[in-house]
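Asks: Got a structure for you, written out below as structure tokens; questions coming shortly.
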């Protein structure tokens, strides 16, 4: 990564651009998105989106390299100093999330081209790319900003565009799924601004670093307590924390395949990051996380979510919805790591952000490719799909093994990290819960594998793989699932730095 | 006439004690926050309780408007005027929450527009905008 940063500096004009990278990361996709409307042509708008999002990915890599080399980056928008101006701050934690979001966004695009041509009517395809870029902008904005209210604005940019993306699904149930997500998402975001407003009442500031120093003086007041509760519940809705997850399964199940891939691997991750930021940076000095017992509540909700999500997934006959419930379960692991509130636990959460994005992206891509070829994702229609689409099914198998947490896949790395973090605390029952919930994952993955490999394909079914544009991205993600599963050191080291960036600023924060 | 007024005196006393409770002895101006909470809960209740999809959006709007009011109220400085730069004005409301809430209003308008657009599409696809009927259709499909 640092070598990548050095490479960037050797490019022409790099020195002039380099200080402005934090804002360019967001401004480029934001300003370039409406151009899709002028282009109109499906293929042209696809090429345009690809160019812009790969640039965003490049910038994210450079930023991560810079952060790892030289630490915190602070960018003051319009040169207005904080706390009056809006500030962008990038440390290891958000640099990692930036890379995850842009990487998934970039790698989904070639996949999206083929899949969208089949699933969305041609006159509306350019709108898909417009919304895709706006959604990416919102997610990147949430990740970069160090201003509590600015975070709300970006949250709504990403949410509104994702409602539209979900409603583009072919089934009419995509509309009701999108509507329900709109109601829940708006409630969540409004809860968040109620909390921000209460913090502003007590401190007169919206800057996160400023709030961090100002909040401890007033942390005994009921207003700040209420603010904390509102913010946690509001963001909990966005990240689909059990029991606030009810919008998620249908939204993922009925969205177009490419949208399921993108949203499942990024949107909840960014919300998890936002909650981490609020809990450990904004409220980091108040100690409210421990004294109000929210850490214990998160641990319990995380564990219940792990089991409930996996349990319900077992009974699904629609494989996309099965994967969606599996996401509820996987979010449980992230919430659990957050509740442990140690550097080890947060490392587990952050490494799982990356690992889950990779494996769930691969799984949704595989099932989307199946939908592209046979036009169904129902379990009974997948009989013998292992023989008809061997590569796609192999990708699903790898992703499924990773969801279970088999060694040599990324799922193992994050679960192992979480088990260790729990044992550091002496919470052996948490470690046991992680292992048992993995057993449930075996059941739902096995249901698909059994149908795919052991049942005979229907009469007259021919062997036909998905097109190259879909195969290559999913094979890359499956490869990443195995690669980072064998070499977990790189991701764990970066996630460790990210965890330290979040928790290191907390006085008396547990190492 | 006085007789009628006297008859209502206990009710008026009750109102006065209610006001005193709402406003609080030392901190005038809490009444506004009570209104905010009342509106907020009304909107929230409509979102949860109503099956009609348009009414849900209306409830969502009431909920959001209560938050707008909340921000406007917190900006009020007692005795202050509108935050306009002019001769002789030294005490004025905090303009920052006003600006913040302008942004939130825009977001609210966008959300309402998108929500209503979705309702139109749902009406075309399901021929109803009652949530319970839609759920019944969907359960039928799942079976």
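Asks: Tell me the residue from A:383, A:466, A:452, A:369 that is farther than 24 Å from residue A:343 by Cα, at pLDDT 90 or above and crowded, with 17+ Cβ neighbours inside 10 Å, please.
Replies: Going through A:383, A:466, A:452, A:369 in turn, just one is farther than 24 Å from residue A:343 by Cα, at pLDDT 90 or above and crowded, with 17+ Cβ neighbours inside 10 Å: A:369.
Asks: Continuing with this model, one more query. For residue A:16, all conditions in the list (1) out of contact with any helix residue (DSSP H, G or I) (no Cβ under 9 Å at 6 or more places or on another chain); (2) not in a helix (DSSP H, G or I) hold save one; what is the number of the exception?
Replies: (2)
Asks: Could you tell me which residue of segment A:483-496 is nearest to residue A:400 (Cα to Cα), considering only residues that are modelled with pLDDT of 85 or more and buried (at least 18 other Cβ atoms within 10 Å of the Cβ)?
Replies: For segment A:483-496, the residue satisfying everything is A:485.
Asks: Still on this structure, please answer the following. Looking at this structure, is residue A:110 more than 10 Å from chain B (Cβ to nearest Cβ), over 17 Å from the mean Cα position of the chain (by Cα), part of a helix (DSSP H, G or I) and free of Cβ contacts under 8 Å to residues at least 24 places away in the same chain?
Replies: no
Asks: For residues that are within 12 Å of another protein chain (Cβ to nearest Cβ) and assigned to a helix (DSSP H, G or I), scanning just segment B:46-56, find the one that is surrounded by the fewest Cβ atoms within 10 Å (Cβ to Cβ).
Replies: Filtering segment B:46-56 for residues that are within 12 Å of another protein chain (Cβ to nearest Cβ) and assigned to a helix (DSSP H, G or I), the one surrounded by the fewest Cβ atoms within 10 Å (Cβ to Cβ) comes out as B:48.
Here's the yes/no breakdown for (1) facing chain A (nearest Cβ under 8 Å); (2) under 19 Å from residue A:153 (Cβ atoms); (3) in contact with a strand residue (DSSP E or B) (Cβ under 8 Å, 6 or more places away or on another chain):
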{"position": "B:58", "(1), (2), (3)": "no, no, no"}
{"position": "B:62", "(1), (2), (3)": "no, no, no"}
{"position": "B:73", "(1), (2), (3)": "no, no, no"}
{"position": "B:77", "(1), (2), (3)": "no, no, yes"}
{"position": "B:81", "(1), (2), (3)": "no, no, yes"}
{"position": "B:85", "(1), (2), (3)": "no, no, no"}
{"position": "B:93", "(1), (2), (3)": "no, no, yes"}
{"position": "B:99", "(1), (2), (3)": "no, yes, no"}
{"position": "B:103", "(1), (2), (3)": "yes, yes, no"}
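Asks: Which of the residues spanning segment A:138-167 are within 11 Å of chain B (Cβ to nearest Cβ) and not in a helix (DSSP H, G or I)?
Replies: Selection gives A:147 alone.
Asks: Right, next: Is there a residue being surrounded by fewer than 17 Cβ atoms within 10 Å (Cβ to Cβ) and under 15 Å from residue A:133 (Cα atoms) anywhere in segment A:51-59?
Replies: Yes: segment A:51-59 contains one or more residues that are surrounded by fewer than 17 Cβ atoms within 10 Å (Cβ to Cβ) and under 15 Å from residue A:133 (Cα atoms).
Asks: While we're on this one: Search segment A:214-249 for residues being more than 18 Å from residue A:281 (Cβ to Cβ) and surrounded by 24 or more Cβ atoms within 10 Å (Cβ to Cβ), and hand back the single one that is nearest to the chain's Cα centre (by Cα).
Replies: If we take residues in segment A:214-249 being more than 18 Å from residue A:281 (Cβ to Cβ) and surrounded by 24 or more Cβ atoms within 10 Å (Cβ to Cβ), then A:240 is nearest to the chain's Cα centre (by Cα).
Asks: Follow-up question, since we're still on this one. Looking at the structure I just gave you, is residue B:112 surrounded by fewer than 15 Cβ atoms within 10 Å (Cβ to Cβ) and either touching a helix residue (DSSP H, G or I) at 6+ places or on another chain (Cβ under 8 Å) or away from every other protein chain (no Cβ under 11 Å) (or both)?
Replies: For residue B:112, the condition - surrounded by fewer than 15 Cβ atoms within 10 Å (Cβ to Cβ) and either touching a helix residue (DSSP H, G or I) at 6+ places or on another chain (Cβ under 8 Å) or away from every other protein chain (no Cβ under 11 Å) (or both) - is not met.
Asks: Now a separate question. Report, by residue number, each residue of segment B:115-132 that is modelled with pLDDT under 90, part of a helix (DSSP H, G or I) and more than 9 Å from chain A (Cβ to nearest Cβ).
Replies: Selection gives B:132 alone.
Asks: Residues of segment A:204-226 being free of Cβ contacts under 8 Å to residues at least 60 places away in the same chain and within 12 Å of another protein chain (Cβ to nearest Cβ), which ones?
Replies: Matches in segment A:204-226: A:204, A:223, A:226.
The values are calculated or read from the model by the stated rules, or taken from the named source; none is laboratory data. Quick caveat: nothing in here was measured; it's all calculated off a predicted structure. Methodologically, a virtual Cβ is constructed for each residue, glycine included, from the backbone with ideal geometry; neighbour enumeration extends over all protein chains shown.
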